[in-house]
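Notes to accompany the following structure.
The values are calculated or read from the model by the stated rules, or taken from the named source; none is laboratory data. Bear in mind that the values here come from a model prediction, so they are computed numbers and not experimental data. Cβ: placed from backbone, ideal geometry, glycine included. Neighbour counts: every protein chain shown. Side chains included, ligands, DNA and RNA excluded: accessible areas come from the protein's heavy atoms. Shrake-Rupley method; radii C 1.70, N 1.55, O 1.52, S 1.80 Å.
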Amino acid sequence: MSNQTEVNLTGVKQSQGVWLVKVPKYLSHQWDKASEKGEVGKITIGKKQGKTEVHFSLNEDLTTLSAVGEKDVSMQIPRDHPFTMHPVGGQTMAVFSQSDADGISLEGMVVHRAECRPVVNDNYMKLKKLQIQESTKPQRLSQQLEKAVTTIFKPVANHDFNLEHEKKKKSDGKMVRAERTVVLDMLFSAFEKHQYYNIKDLVDITKQPVTFLKEIMREFGTYNSKGAHKSTWELKPEYRHYQSAEEKEEMQTA
């Protein structure tokens, strides 16, 4: 006979449904720093022009991020994080918990899906810059040994994760979608160097599928269909780290 696992369903009667929310990695790290019963932030739910708006505000005590490098660096991370709501669709999803005392418990059914995104401001751009700098640091360093290594070491021709990646590339096509935040990091870094890019250049830089890139650029960028920079993309004004020629001219004439 197969082993049967009982699931505790008592909590479902009191549950009004749960939300499945994707949050940035740095935000989950800050939450881990909070005490067991400490407050990590506040969520406000309101209405604007008939649409529901959800906003998360991080506890001020958790807005300081420490980065370890050659020197200890402290910086302020974004505090305001609006939610982008997504439909659950035809999926049926549930949240379970497991403990030694109660075993497996069904906490509730997922009634809303959302993505928690930071407001793009100076703190966010500084955080992105720090993450890019950390990602460019070499993970391995060469070191001169005083004595020869006598332990037996047999190099592996190809590691399992490389084989898995190649297998995924063959099944999904030449380009595999990366995490959205990783692609955004690459795009923001590219637009710090140049103001305009055509979609082919962005594909070469990010190694991402064209449809995926266009989906992201429609949210964060503007497509120039005419003029001197025809058929190119640039960041929307609120995401730029520079002033456009029109903005400079307006400031001079003001």
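Backbone phi angles across region 131-139, fed through the Karplus curve with coefficients 6.51, -1.76 and 1.60 (θ = phi - 60°), yield HN-Hα couplings of 5, 5, 4, 5, 6, 8, 5, x, 7 Hz in residue order; Gly and Pro are listed as x. Here the gap between Asp122 and Glu39, fully extended at 0.36 nm per residue and compared with their Cα-Cα distance, gives a gain of 27.4 nm.
Within the assembled protein chains, the solvent-accessible surface assigned to Tyr197 is about 20 Å², based on a 1.4 Å probe.
Taking label points 7 Å from Cα along the Cα-to-Cβ direction, Val21 and Leu141 give a separation of 4.0 nm. For an R0 of 22 angstrom, estimate the FRET efficiency from the Cβ-Cβ distance between His86 and Ala228 and round to the nearest 0.05. Computed FRET efficiency for His86 and Ala228 comes out at 0.05.
Length gained on full extension, Ser105 to Ser28, computed as 0.36 nm times the residue gap minus the Cα-Cα distance: 25.4 nm.
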